[in-house]
1. Look through 103, 118, 95, 41 and report the one residue that is in the same structural domain as residue 156 (by TED's automatic domain parsing), under 24 Å from residue 340 (Cα atoms) and either part of a loop (DSSP other than H, G, I, E, B) or at pLDDT 85 or above (or both).
2. Taking residue 184 and the conditions (1) closer than 30 Å to residue 121 by Cβ; (2) surrounded by 16 or more Cβ atoms within 10 Å (Cβ to Cβ); (3) at pLDDT 65 or above, which numbered condition does it fall short on, given that it satisfies the others?
3. Looking only at segment 106-139, filter to residues that are surrounded by fewer than 20 Cβ atoms within 10 Å (Cβ to Cβ) and β-branched (Val, Ile, Thr); which one of those is farthest from residue 47 (Cα to Cα)?
4. Which of (1) in a strand (DSSP E or B); (2) without any contact (Cβ under 8 Å) to a residue 60 or more places away in the chain is the odd one out, the single condition residue 84 does not satisfy?
5. Given the condition over 16 Å from residue 180 (Cβ atoms) and within 33 Å of the chain's Cα centre (by Cα), answer yes or no: does some residue in segment 117-139 qualify?
6. Is it the case that residue 111 is touching a Phe, Trp or Tyr at 6+ places or on another chain (Cβ under 9 Å) and either polar (S, T, N, Q) or in contact (Cβ under 8 Å) with a residue 12 or more places away in the chain (or both)?
7. Identify the single condition in (1) within 23 Å of residue 376 (Cβ to Cβ); (2) acidic (Asp, Glu); (3) surrounded by fewer than 14 Cβ atoms within 10 Å (Cβ to Cβ) that residue 320 does not satisfy, given that it satisfies every other one.
8. Among the residues in segment 14-21, are any farther than 26 Å from residue 147 by Cα, of a type outside the set (D, E, K, R) and at pLDDT below 50?
Amino acid sequence: MKFRRLTLIGLAAAAAGTGGGAWAADDSGAIYIAPLAQYFDLGGNRHAKDGFGYQLGLGYDFTSGWAGELALGNGSFNTKPASGKNVKLTSATADVLYRFLPDSTVRPYVLAGVGHIDDQLGGDNKLGTALAEGGVGLLTGLGDQTGSTRLLLRTEAKYRREFIDTTTYGARDPSDVVFGVGLQVLFGAPTPAPMVARAVEVIPPPPPPPPPPANDQGGHKSGGFWSKMAANAQYQQAKQNGASDAQLEAIKHGGDMPPCRSEDPNAHLVNGQWVGPNCLSEPDDGHYVTDEEARKQNQELRAKRNDQASQSAQESRAADMESHSCMTTDGADKANTIAADCQKVADHPDKACNIQENSCDEIRKATQKGCWAKGAEGPDWCLTRYN
């Protein structure tokens, strides 16, 4: 009875530890051995006293939740009333286990299985029969739970029933409660890949463009009466000379581009006229460039400005990530933990889970999106942390 109380106390103590929520790595694909000391609370229809036994299990973790186990057990018990002989129970079972809370170091589990058991009284012949069992237990991590080899404390209680009309000592369909406590040692568990910090390349900004040449059209101040009169006369003259729509529009709004000159290093001749991306074309032979040529100039000018704007946006993004990245705000350890979940479910983990190029919230959203996409095939922790 004392062993049974100790087992129950161990179960309760391990259950109290579940509130800590300590993180444990995935154990899919690991092989384990589980030696247990057992106490048998024999059913009332057996003519034998309660006593001790042992079990040795060999298991395989198919996923972070499901495992399969083969176990051999043995126990020897005094008869009642005393006859000078012992009742010996030898069992071989195959069980299926399902473990909850995959990210915790304390994991409750349920088990169910079938097997074979031999009843033997003293030196008499063995009487073999089938058995079925089911139970609950707790696995509590001891020490580091992220390496390939891990040690756990295992405590469990299970109900076992034999299917036989009578045993050598007279019991019919006997049933027992078996309490167990021991260790479980995992081998070959997967280890999380270390996150390597990756430097962000910052592209230096381009040098500022040279200032445009001064507009020397009459020396009138912008916005004055004479300036407006001069601009209107220039507009009418340019229209009569066949100026393009783009050039007329530039003249109409104050001639914000200087006239093209041969001294301008970016200007060149088109049909005898000086044209360029940073100046207003004027005719050398009385005719302006065509609208098609003017549109080509404007397109080239817009493309250049768009390239400068895109480069400025990249610089702004790099500066923002330097101060708001997940590794900067939450530290490398926590950022690597968040990124580890993301890499298991995200479509593009190299980009979406990068702790230096994304904030922690962006990585969590990528993980949640990946969990939704995988649905029922996703890891168990998708339901507990990203539902």
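1. Answer to the check: 103.
2. Only one criterion is unmet by residue 184, namely (1).
3. Here the residue is 110.
4. Going through (1) in a strand (DSSP E or B); (2) without any contact (Cβ under 8 Å) to a residue 60 or more places away in the chain one by one, residue 84 breaks only (1).
5. No, segment 117-139 contains no residue that is over 16 Å from residue 180 (Cβ atoms) and within 33 Å of the chain's Cα centre (by Cα).
6. Criteria met by residue 111.
7. Of everything listed in (1) within 23 Å of residue 376 (Cβ to Cβ); (2) acidic (Asp, Glu); (3) surrounded by fewer than 14 Cβ atoms within 10 Å (Cβ to Cβ), residue 320 misses just condition (1).
8. First pass over segment 14-21, keeping only residues farther than 26 Å from residue 147 by Cα: none.
No, that holds for no residue.
The values are calculated or read from the model by the stated rules, or taken from the named source; none is laboratory data. Remember, predicted model here, so these are calculated numbers, not experimental data. Quick reminder, even Gly has a Cβ in these numbers, built from the backbone with ideal geometry, and neighbours come from all protein chains shown.
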